[in-house]
Each structure stands twice: as C-alpha cells, then as structure tokens.
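The structure appears right after this line, and notes come after that.
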C-alpha cells in the first residue's frame with residue numbers, strides 16, 4: 001500500500017505525456033471518437049398491427065423486457081407498438097401477452113411503458129424519432145434524447161421484403177430512408193455506436209444502403225429468404241414468437257447485468273438450420289473487434305460509477321486515496337468496472353484489518369499507540385478491547401468479592 | 001417421593017427448554033424471519049435491527065452513527081452487534097448470527113430467572129419456617145416458581161416473536177434480569193453491572209435501583225416485619241435468631257461503588273468511540289434525549305404516539321413531563337407499600353415502565369410476563385386471570401389485523417390500531433392492579449393464619465386453614 005502511494009506521482013508523470021499524445025491524435029480525427037460512452041438507448045419498433053401479427057408484438061415486448069432487465073430504464077427506451085393484442089377481443093388471456101406456449105412469462109405485466117401506440121407508429125414518426133426533428137409539443141418521453149456518447153439499439157420487427165419494411169399495413173420504410181436517417185443522426189452526433197437488429201423476411205436487405213461509420217447491423221434472413229415463426233400456441237391461437245427473436249432471447253436469458261458475453265458470441269449463436277434462414281450481420285462499418293464488445297454495451301446499461309465523499313463533511317474515508325488513483329487511470333480507457341460496488345466492501349474490510357497488523361510491528365508501542373489514538377485511528381479496536389475486557393473483569397470481580 | 005417428583009419436574013423442565021429453543025431455530029429458518037422485524041409491535045425505533053445495521057454502516061463510513069436519526073441505541077451495541085449485521089454465511093438465512101445471539105440471550109435470561117426464582121422460593125420458605133407456617137403451606141400445591149417463571153419466559157409467544165423478529169429486546173431483558181439475579185444472590189458487582197448496562201441500553205430500568213437497594217439491604221421477598229413481631233411477641237418469646245435481619249447499609253455502599261466503577265467504564269468506552277462525532281453529549285442527546293422527547297411518532301403498541309401526533313407545539317413539553325411523571329410518581333407509593341418484597345416491587349416497576357415507556361414493544365411485555373412467574377404461588381387466586389389471558393391473546397391477534405387494515409388496505413384508520421393499543425394498555429393496568437391486590441390478599445391471608453394460630457394456641461382449639 002505504501003509503495004503504491006509513493007509511486008503514484010511517478011505513474012502520473014509517465015501518464016501525462018501519453019495523455020497529451022493521445023489527445024493530439026484524437027483532436028485530428030473526428031471528435032466523436034474521443035467521446036466517452038455515456039449511456040445506452042433502445043428504440044424498439046413493432047411495425048405490424050392486427051391479431052394475426054401477435055408474434056411481432058411479442059417479439060418487441062420480449063426484447064423490451066430483456067433490455068429493461070439488463071439495466072436500461074424506461075426513460076431511455078422508445079417503445080413503438082400497435083398495442084392492439086393484449087386487450088384484443090380475440091385474446092383468450094386478456095391483458096396478457098406471451099412469447100411461449102408454456103405461458104411462463106407475461107410480457108404485458110405492470111411495468112410496460114409504450115411511447116408510441118396504435119396509429120402513432122408511422123414511418124414519419126419513426127424517422128422523426130431517429131433524427132430528432134419533432135414538433136415543439138412532443139413530450140420528452142417520446143424523443144430520442146441521445147448524445148454523442150450514446151450507444152443505441154434499434155430493433156425492428158414486422159413484415160418486410162427486398163429493401164423495405166411494411167409499417168402497419170399501409171406504408172413502407174425503404175432502406176435508403178433508413179440510411180438517410182442514420183446519416184443525419186451521425187451528422188448531428190446523436191450516437192456513438194448503433195446496433196440495428198431486424199427480424200423480418202429478407203431483413204438483411206434493409207441495411208444495404210447504410211454508409212455511416214459506427215453502425216453494426218444484423219438481420220434475421222438474407223435476400224430471397226423468409227424469416228419464420230417459431231411455434232404456434234394452440235391455446236392463444238396464433239404463433240407467439242419468431243425464430244430469430246426466440247434464439248436471441250435464448251442467448252440473453254442466460255445473462256445477467258454483470259455478464260460480459262461478447263457480441264461475436266451472440267452473433268455466432270444463431271444456427272441457420274434452426275432459424276431456417278441465415279442470420280446475416282454487417283460489420284464493415286463497425287471498427288471495433290466484435291470479440292471485445294460486450295453485449296451489455298447495447299442491450300444493457302452498466303454505468304461507470306465514480307465514488308465521491310464530497311457530500312459528507314466527515315473525515316476522509318480510509319481508502320479514498322486508492323479510489324482517486326483508479327479513476328484517473330480509468331478515464332482514458334473504455335473499461336467499465338462492473339464489479340466496483342462489490343469491490344468497495346472487500347477493500348474496506350481488508351483495509352480495516354491492515355492497521356491492526358501495522359500496530360503490532362512498531363518498535364515503541366506506547367508512543368505510536370498514543371499518536372494513533374490522538375489522530376483518531378484505531379479507536380474502534382481500542383473500544384473493542386475494552387468491551388471484551390469487560391467480561392473477564394466482571395467475572396473476576398464477582399468471584400473475588402463473594 | 002418428593003425427590004422423584006422433583007426429578008420428573010426438572011426433566012420435563014429441560015424438555016420444554018429444548019423444545020422452545022428448537023422452535024426458535026425453526027422459525028429463524030423461515031424466509032426473511034417471517035417478516036416479523038417489520039412489525040411495529042416487535043421493532044421500535046429503539047430496538048430495530050435494521051436501524052442498528054444502518055448505524056453500523058454510518059460508523060464504517062466515518063460518520064456519526066446517530067446521523068439521520070436512524071439509530072438511537074448504545075455505541076457499545078453497535079460495536080458488538082454491528083459486524084453481525086454484515087456477515088453472511090452461504091446457504092443460511094441472512095441474519096442467522098444475530099438470531100443465534102438473541103436465542104442465546106433468551107436462554108441465559110431464562111436460566112437466570114430460574115436461579116433467581118429458586119433463590120426467592122428458598123428464602124420465602126425459610127421465612128415461612130421462621131413464622132412456623134410451613135405445615136399449613138405444605139398441604140397446598142406449591143409450584144417451583146423458578147422453573148415456572150423460566151418456562152413462561154421461554155415459551156411466551158411474545159418472547160419468541162421478539163427473538164425471531166431481530167430486535168435488541170432480548171439483550172435489554174438479559175441486562176435487567178442479570179441485575180435482579182445479582183441483587184438476589186448478593187453478587188454486588190454483577191448487580192451493579194446489570195443495572196448500569198440496563199440503564200445504558202434503555203433509560204427506564206434506572207428506577208430498578210430502588211428494589212435493588214431493598215434486595216441488597218434486606219434480602220429477598222419476605223412477609224412484613226410486623227408479622228414477625230406479632231408472631232413472636234404473642235408467643236411470649238422474642239427469639240432473636242428467628243427474626244429476619246434488619247436493614248444493612250454495607251452492601252448498598254459497595255453497590256454504589258461498583259455501579260460508579262461500571263458507569264465510568266461504560267461512559268469512557270462510549271466517549272472514546274464517539275470522540276470524533278460529538279462525544280458523550282451527542283450520545284445522550286440521541287439516546288436518552290430521543291427517548292424522553294418522543295421524536296419519532298411511528299405507531300407502536302404504546303399510547304404515546306397517537307397523543308403526541310395531535311398535541312399542539314405549545315403544550316408538547318408539558319405533556320412530555322406529564323407522561324414521564326406518570327411513571328415516576330408511582331415509584332414512591334409502591335416502594336412504601338411493598339418495601340418488604342423487593343422482587344415483587346421490581347416486577348411491578350418493570351410492568352409499569354414496559355407499559356408507559358415511549359416506545360414499548362412486545363419484548364418489554366415478555367420481560368414482566370416472565371417475572372410474573374416468580375409469584376405464581378401468590379397469584380394462585382388472582383381475579384380476572386382468564387379475562388386477562390383472553391385479552392392478551394385477542395390483542396396480539398387483532399393488533400396486526402388493525403395495522404394491516406390501516407396501512408396496507410386503507411380501509412381503516414389510525415383509530416383502529418390505537419384502539420388495540422388502548423385495550424392492551426388497559427389489560428396491563430388491570431394486570432398490575434390485580435397483581436398488587438393479589439399480593440396484598442396473600443399477606444392478609446398470612447396475617448390471618450398467624451393471628452388465628454396465636455388465638456388458637458391461646459384458646460387451645462385447632463383452626464382450619466382457609467383455602
């Protein structure tokens with residue numbers, strides 16, 4: 001511990017020129033790359049309506065549930081649904097939406113916040129959400145308020161075809177509309193990285209026209225292939241989930257908020273024979289290695305926390321010095337310390353034991369003891385000894401006086 | 001025959017003890033301790049375990065444990081029990097270590113109650129022997145009051161709930177019982193230690209100094225001095241050896257010395273541990289000040305919260321004084337009337353302050369119900385015993401229901417819950433009053449036996465003992 005304290009200024013001296021160099025390089029390239037990953041957003045769109053498209057709504061709601069479970073709060077999710085399944089008169093289980101015939105999960109629980117519902121799910125609204133060009137009266141909950149440090153997950157499901165996606169049986173979104181919107185987003189620094197996941201027929205054609213850097217896209221099927229539903233629920237009467245989403249969920253249900261499974265493991269978990277189509281992903285626009293990117297970069301939300309005691313006017317904590325060194329090193333690295341809250345407790349406990357060992361090793365015990373007592377350290381150990389000594393004192397006094 | 005009966009009695013006693021400990025352990029293994037620690041009847045702002053955990057966390061974060069008005073107990077408890085709040089063992093329920101500590105505290109209290117009870121009974125039989133009344137009493141059924149009291153304490157649902165519900169009442173009760181045990185057995189340092197710790201943990205056991213002084217000065221419960229004089233004067237002889245000893249001041253001075261020693265020790269330890277956070281004054285303000293000024297008005301099974309929720313600010317201090325003097329003004333008359341029975345006086349004091357303290361809980365009631373067992377022989381013809389028993393059962397069943405109706409369902413209001421609290425207070429008052437009158441009846445019976453005997457010895461006829 002003491003050597004670390006001594007070497008802290010040396011480390012800083014070494015780091016300073018490195019940081020200077022890095023910042024110079026970063027200044028020349030586009031400013032977005034220098035931005036730190038700050039938050040995660042999710043835009044989940046179900047483009048179908050009517051009872052026989054139950055599975056599309058179930059797809060979207062399943063992904064909504066996954067994304068919420070892994071940490072993204074409702075404020076950063078835009079959910080667009082036709083929302084006519086749960087309370088449909090043909091629904092045998094009113095107010096319940098299932099994605100599996102075992103009916104284990106009710107996706108339409110008491111915690112679903114739909115931002116665009118019914119006839120509001122249009123191509124115009126979708127593009128307005130992506131580009132951020134809303135009318136002034138649109139509330140904040142319906143806006144995608146991302147910034148240059150955001151990672152956005154865009155999930156779309158419904159009926160699609162060669163370079164188009166059908167919206168609510170009345171309009172289409174074409175692939176170049178989508179590419180234009182993404183380009184506008186890039187110009188306006190509305191994302192740092194974007195993952196587009198599409199589960200429709202011939203999905204991969206939808207992102208043929210994309211050109212913006214930092215975009216990763218995966219579709220459930222290639223040109224000329226259909227995406228199939230997974231199984232039919234004979235009780236509800238319709239198919240309840242699509243294959244691509246089903247296997248996506250099978251991958252995610254095993255994860256919790258602290259796992260760091262990589263994107264490449266997620267993408268390679270799709271088996272074409274099980275999907276009955278080829279899940280195609282496009283990574284030429286995405287510069288990072290997929291093996292290093294954890295899925296929670298898009299599907300979850302784990303924030304890097306920096307611990308401060310500034311609000312409390314008490315004496316400094318025992319290991320605040322250690323924290324400052326760590327955070328200054330972390331700033332230049334995109335490494336999220338997922339286990340930091342749990343590490344705090346371990347460090348606290350180990351650090352409490354260390355001073356006791358140091359006390360025993362000192363040469364002149366009484367003077368060092370008195371110094372430490374005046375400084376306010378080791379008070380707890382002294383009182384502990386006093387408490388423990390109370391019991392033998394009691395026993396002895398009782399026995400003697402008797 | 002007597003020995004065999006005693007042996008059987010002691011075996012069944014240990015069976016009951018083991019059964020109650022096993023029952024506690026079973027309840028501890030239920031998930032979340034059956035959520036008993038969230039019941040207002042069990043955990044009050046003074047005894048709540050959750051608050052102790054919060055105080056410990058605050059201390060570990062280098063802040064005063066009394067910050068935020070969450071923890072209001074002793075800093076020594078924080079040091080002893082604090083680490084138990086965070087220690088988790090794999091595969092066991094969350095607070096198993098602290099629950100085990102409570103179980104052990106209950107066991108120790110029960111053993112001490114038993115020892116004190118046996119002590120009491122022996123002393124009482126000895127005094128009856130010196131009054132030559134043993135033959136009359138031997139005919140009627142005498143229960144081993146120590147065993148009965150210990151079993152009442154252990155198997156009382158209130159005690160079990162307070163133990164499983166993670167409150168600090170078992171430890172406070174243990175301190176009070178330690179004090180009474182030490183005083184009965186004339187172990188003065190132990191009595192002083194128990195008294196200092198009990199006062200330090202919760203303020204009210206301070207009034208137990210009076211029964212302790214009587215216990216140390218004169219000895220355990222005995223019939224009034226007058227009866228002895230009557231007995232022996234009417235016999236025509238004043239046999240000095242048969243008279244009980246007079247009041248001696250020596251033990252009391254030693255008790256004062258030892259309590260000074262222990263209180264200085266405890267205060268120094270507290271002062272050291274709170275040096276950076278305001279010292280002893282902060283501690284007194286947050287513990288004793290909190291108890292006396294009734295800052296927290298969350299509902300409990302007492303009667304103060306409802307009143308102080310609606311009292312005007314102008315009159316608040318006045319009514320605080322009234323409520324606390326309510327306990328204090330009963331001390332002197334009871335002491336005058338019952339000074340020859342210090343253990344019984346202690347029981348009455350415990351019952352009074354358990355009822356009228358600022359934040360009562362079922363753990364406090366468990367204490368005096370256990371001490372009640374010492375006097376089963378005297379209370380054998382207490383009036384209203386069935387009414388009281390049914391009342392206690394009814395209140396303990398209805399109170400959670402009313403709380404649920406008020407807080408969770410919203411179909412009731414505070415009056416529902418306060419009604420059960422008032423009924424509970426009335427029951428306790430009836431218990432105390434009937435208890436005292438039963439004890440006085442017992443003494444009248446003894447006097448009648450003695451005067452009847454002397455009359456018969458004069459007139460030469462045998463008297464029949466009244467049932």
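Each value in this text was obtained by applying a stated rule to the coordinates, not by laboratory testing. A quick note: this is a predicted structure, and the numbers were derived from the prediction, not measured. Backbone-built Cβ (ideal geometry, glycine too); neighbour counts: all protein chains shown.
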Per 0.36 nm of contour for each residue apart, how much would the distance between residue B:19 and residue B:104 grow if the chain were fully extended, relative to their Cα-Cα spacing?
29.2 nm
10 Å Cβ neighbours from other chains, averaged over peptide B:253-265
1
Which order results if B:386, B:372, B:46 are arranged by neighbouring Cβ count within 10 Å, fewest first?
B:386, B:372, B:46
In degrees, nearest ten, helix B:209-218 long axis to first principal axis of chain B (Cα)
30 degrees
Average beta-carbon neighbours from other chains, 10 Å sphere, peptide A:386-399
5
For chain B, calculate the relative contact order in percent as a whole number, restricting contacts to Cα pairs under 8 Å that are 6 or more residues apart.
19 percent
Can you compute the FRET efficiency between residue A:101 and residue A:141 using 1/(1 + (r/R0)^6), with r the Cβ-Cβ distance and R0 = 35 Å? Round to the nearest 0.05.
0.55
Mean separation of Cα contacts under 8 Å (6+ apart) over length of region A:138-292, as relative contact order %:
21 percent
Taking neighbour Cβ counts within 10 Å as the exposure measure, how do B:401, B:294 sort from fewest upward?
B:401, B:294
Under 18 Å from the residue A:401 label point (7 Å along Cα→beta-carbon), backbone N, region B:155-195:
B:175-195
Give me the log10 of I(q) over I(0) for region B:250-319 at q = 0.19, 0.28 Å⁻¹, as the Debye formula computes it from C-alpha points; what are the numbers?
-0.84, -1.17
The simple spin-label model distance between residue A:69 and residue A:254, using points 7 Å out along Cα→Cβ, in nm, is 1.4 nm
Debye calculation, C-alpha points only, no solvent: report log10 I(q)/I(0) for chain B at q = 0.06, 0.09, 0.13 Å⁻¹, in the same order as the q values.
-0.29, -0.64, -1.27
So for R0 = 45 Å, FRET eff. of residue B:390-residue B:451 from the Cβ-Cβ r, to 0.05, ends up at 0.75
Using alpha-carbon positions, the gyration tensor of region B:114-200 gives root eigenvalues a ≥ b ≥ c; with a/c under 1.5 called rounded, otherwise prolate if a/b exceeds b/c, else oblate, the class is oblate
Taking region B:19-129, the whole-percent share of alpha-carbon pairs separated by over 18 angstrom is 62 percent
Distance in nm between label sites at residue A:208 and residue A:235, each 7 Å beyond Cα in the beta-carbon direction?
4.3 nm
Could you tell me the calculated FRET efficiency between residue A:110 and residue B:92, based on Cβ-Cβ distance and R0 = 41 angstrom, to the nearest 0.05?
0.80
For region A:27-136, alpha-carbon Rg over 2.2 N^0.38 Å
1.27
In deg cm²/dmol, rounded to the nearest 500, the helical mean residue ellipticity at 222 nm of chain B, built from -39500 (n - 2.57) for every DSSP H run of length 4 or more, is -22500 deg cm²/dmol
Evaluate the distance, in nm, between pseudo-label points positioned 7 Å from the Cα of residue B:122 and of residue A:148 along their respective Cα→Cβ axes.
8.8 nm
May I ask you to compute the full-extension gain from residue A:271 to residue A:89, defined as 0.36 nm times their residue separation minus their alpha-carbon distance, rounded to one decimal in nm?
61.8 nm
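For A:167, A:244, B:307, which order do you get if you count the other beta carbons within 10 Å of each Cβ and list the fewest first? Let's see the in-between values first.
On the way: A:167 24, A:244 28, B:307 15.
If I rank by nearby Cβ atoms, fewest first, I get B:307, A:167, A:244.
When a/c is below 1.5 the answer is rounded, else prolate if a/b is larger than b/c, else oblate, so apply that to region A:112-261 with a ≥ b ≥ c taken from the square roots of the Cα gyration tensor eigenvalues. Please report the intermediate quantities before stating the final value.
Working: a/c = 1.41, a/b = 1.33, b/c = 1.06.
Here region A:112-261 falls in the rounded category.
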Quick check on region A:240-306: what are the equivalent-ellipsoid semi-axes from the Cα gyration tensor, as sqrt(5λ), descending, whole Å?
23, 16, 9
Degrees, to the nearest 10: B:250-273 long Cα axis against longest axis of chain B
10 degrees
Any idea what angle helix B:96-130 forms with the longest principal axis of chain B, computed on alpha-carbon atoms, 0 to 90 degrees, nearest 10?
20 degrees
Normalised by the number of residues in region A:202-248, what is the relative contact order in percent for Cα pairs under 8 Å and 6+ residues apart?
31 percent
Sorted largest first, the Cα spans of region A:201-282 on the principal axes come out in Å as 46, 37, 20
